[in-house]
Amino acid sequence: MTPMEKIRKLRESGSFHFTKSLGQNFLTDENILDKLVQAAGITPKDAVIEIGPGAGIVTEKLLQAAGPVLAVEIDKALIPFLQETLQPYPNFTLWHQDVLKAPLGQWIQENSPDQPVKIVANLPYYVTTPIVMKLLEENLPIHSMVLMVQKEVALRMAAKPGTKDYGALSVAVQLYCQVEKAFDVSPNVFIPKPKVGSAVVKLTIHEKPPVQLDHPELFFTLVKAAFGQRRKTLSNALSHLRPKEEKQEIVQVLEAASIDPVRRGETLNIQEFANLSQLWQKQFFHDTMEAHKKVGKGGAEMINQERLSNLLKELVEIDSPSQREGAVAKVIREKLENLGFEVKEDDAGKKLDGEVGNLIATLKGTTKGDTIGFSAHMDTVQPGEGIKAIVEDGIMKSAGDTILGSDDKAGIAAFLEAVQTIQENHIAHGDIQAIFTIWEEGGLNGSKNMDYSLVKADKVFVMDSGGPIGSIINQGPAQDKIAATFKGKAAHAGAEPEAGISAIQIAARAIDNMKLLRIDEETTANIGNIQGGGATNIVPDKVVINAEARSLKDDKLEAQTKSMVEAMEKAAKDFGGEVEMDIKRLYTAFKLEESDPMITVLKEVFTEMGLEPVIMPSGGGSDTNHFNANGLKAVNLSVGMNKVHTVDEFIKIEDLANGARMVLEIIKKYA
C-alpha cells in the first residue's frame, strides 16, 4: 500500500483519530521516506529501533531493509492496525510503551548483542529533547540516530559556538554525537500538516568522547547557567551559583581557564566548558552542586506540585460563568494580596453589567529589571457550575457532567504558585503584574473594556492556550461578525406564490455564491446559523443569518468580508428583495516576528526546561489580540489544558507544574 492508502485504511477503521497532544504527523511522500532510510544507512545486518511508528509507513521500509526491528508506540489506538499490517514480517517486534520508560537495553541485548543498533524516529516536537537525551545519557549501545525533528531543533543541535542557534542543547548533543543536518522536509508531506518546517538530522555517536568529564553533572550545571541568561557575561551568568561576595573568585576561575570573564556563554566550545568545569570543581565543587540541587532543573524541585494541584482544584470548584466571576475574583484577590500584590479593579464590570471588573495587580520588584505581565481570564463556559474536580493517575478532570475549568484557571494557578515559589526561595525579580480578566469567553469583553492606564507592563505573557507546554502563539487572527437580515415579501405559497419574494431563496443564493470555510492558510469564513420562515403555505418574508470571517491579515479579512457582503447584496437585488447587515470587527490581528526578543527569551526558557518551543499561529481570538491592539506586546502560551469547552476536559498535573515553572523561568529572565 502507498502511504496515503495506509492512512486512509487506518482512518476508515474508526478506532483512530489524530491526537494533537501526541504530536502525530504521518509522512506521506515516498521520496522522503526513501531518503530517510537511506540517511540511516540501514543494512540487513542492522538491528533498528523505531520510535513512534504511527501508521507503520516508515516501519515497513525498515523491515524490508534491516534485520530485527523494534517499533515503540505510545498510542494504543494504533496497536491493532500495526499488528494487522506488519505482523507478517518475521523481523518485527511491537511494544505499546512510552519510550521514555521502555527497557530498550534489554531488547538490544537480546537482538543485537554484538553490534550497536540504529535508531530511526519521526519525533513529536514537544518531547524531542527528553527522548534524545534519555537515549544518550543511558549510554545504550547505539551506532547512530536518524531523526525527523522540528527544523529549528535540528539547527540548534548542529549549531556552532557564536551563532544564534547555539545553546545548551547544542553542547549536550555534540558532547555525545557528531551532528549532521541531512535535509529539510516541507510541512506539505505530512498528514495532518504541521505548522512548522521539519528536518532530518543524523546523530552518529562518538567512538571516543571529545572531552573527558570527571563530573558530568557539574559540567551541565555550568552549561545551563551560562545559557540561562544568554545576554549576560559569563561572570554574571554564573554568579547565582555562588554567594555575591565570591564574584571575584568566579572571575579568577574563568581567567585560569583562559576564558575572558566578559565573554558570553554562547561563545564557548565544548572543550572550554570542560576546562571551566575542571577548574570550578577544584575551587568550589561541593557548594555549587548543593546550589544546583536546590535550584533543580528549571526550578522543577522548587514548584510544590501538590500545593499547585490543590490550588487549581479550589479555583475550578468556584462557579464563575461569564459576567458572574465575583466569587472567584474575591478568592484570587485575597491570594494576590497575601503574596504582597497591590490589587486594583477597573470599571469593566460596570460597563458590562457584571459582578466584578478586571483585576490588575502589581508586585514591586527586588531588582530594576523589566516590568512584565502575566494574564489569564477568570470566567468559564457552560456547563461550568457545580464542578467537582477529580485527580486520578496524575490527571485532573471533572466528574464528567461539567467542564473542568482549567481554561483558564490553570493559568491563574500556575502564576500564583510561581510567585509563591519565588518568594519562598528569595529569587530576584523585577516588577510583576497580574492581569486577570472577566468575560473572555464569547467575545473577549473584559480585555476590550479594560482600563489600560492601570497596566504598566509593556510585555504580557497570556496563559490561555492548550496543548503541550512550549507552544508559543505569536500570531492571531482578526475577526468580523456579520448579522444579515434578508427581507422578501409574504404571499400564499399555493394560491399566488408569484406575488411573493422568498427570503430563504435570497439567503440560499447569497450563501451559494460565498467562499466559505477554509479560504486560504490564513483566512476562514463560516455561516453559523440561519433563522426564518414559518408555515409551509407562506412564502417567507424574513430570514436572519449569522456569519463570521477571520484572517491572520487585516487586508485579507477585509477582502473576505467584502466578498460576502457583495454576495448578499447581489442576491437581494436579483430577487427584488432587501438585505440589512450589521458588521462588527470584534478584534484585530496581531503578529510577533520570530526574531522578536520576547520570542527569543521564550525559546531559551523552554529549551532550558528540556521542552521544545513550537511557534505557531492561532485560528482563534484571545485577550492577546486586544492587548496588542492597545499598545502592549503580548504572546499566548500553553498551560497544558486539553479538550477545553467539553465535559472531557483534562489537564496533566505534570503539565500544570511545567506551566508554573515556565512562569518562574520567565520572571527570572527579566530580573
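Things to note:
- If the chain linking residue 338 and residue 260 were pulled fully straight, counting 0.36 nm for each residue of separation and taking away their Cα-Cα distance, it would gain 23.6 nm.
- Segment residue 385-residue 232, extension gain: residue separation times 0.36 nm, minus the distance between their alpha carbons: 50.2 nm
- Note on the chain: helix-only mean residue ellipticity at 222 nm, from DSSP H runs of 4+ residues weighted -39500 (n - 2.57) and normalised by residue number, equals -11000 deg cm²/dmol.
- Residue list for the range 541-572, given a label point 7 angstrom along the Cα-to-Cβ vector of residue 483 and an amide N cut-off under 18 Å: 542-549, 565
- The HN-Hα couplings worked out from phi for the range 657-667 by the Karplus form 6.51 cos²θ - 1.76 cosθ + 1.60 (θ = phi - 60°) are 5, 5, x, 5, 4, 4, 4, 4, 5, 5, 4 Hz, whole numbers, x standing for Gly and Pro.
- Cα centroid separation, the range 455-518 to the range 573-598: 10 Å.
- FRET efficiency for residue 399 and residue 100, using Cβ-Cβ distance with R0 set to 22 Å, rounded to 0.05: 0.10
- DSSP assigns beta bridges within the chain; of those with both partners inside it, close to 65 percent run antiparallel.
- Estimated FRET transfer efficiency (residue 647, residue 529; beta-carbon r; R0 25 Å; 0.05): 0.65
- Structure-derived volume of the Cα convex hull per residue in Å³ - corresponding label in (i) 234; (ii) 176; (iii) 187: (ii)
- 5 Å-binned pair-distance histogram of the range 480-525 (Cα, whole percent): 5, 17, 18, 18, 14, 9, 8, 6, 3, 1
- Residue order, fewest to most beta carbons within 10 Å, for 58, 120: 58, 120
- In the structure shown, the pairs 409/591; 351/388; 247/669; 459/553; 160/633 are assessed against 28 Å; a Cα-Cα span above that value is assigned to 351/388; 160/633.
- Residue 19/residue 583 FRET efficiency (R0 30 Å; Cβ-Cβ; nearest 0.05): 0.20
- Sorted by Cβ neighbour density within 10 Å, fewest at the top, the residues 422, 412: 422, 412
- Model label sites at residue 368 and residue 562, defined 7 Å from Cα along the beta-carbon direction, differ in position by 5.1 nm.
- The order of 73, 496, 522, 665, going from fewest to most other C-beta atoms within 10 Å of their C-beta, is 496, 522, 665, 73.
- Taking the charge dipole of the range 401-485 about its Cα centre, with +1 at Lys and Arg Cβ atoms and -1 at Asp and Glu Cβ atoms, the residue from 465, 476, 435 reaching farthest to the positive side is 476.
- Using only alpha carbons, the range 478-587 has a radius of gyration to Kirkwood radius ratio (Rg to Rh) of 1.05.
FYI, it's all coordinate maths here, none of it is from the lab. Note that the coordinates shown come from a computational prediction; the quantities given were computed from them, not determined experimentally. FYI the Cβ positions are ideal-geometry reconstructions off the backbone, even for glycines, and counts take in every protein chain you see.
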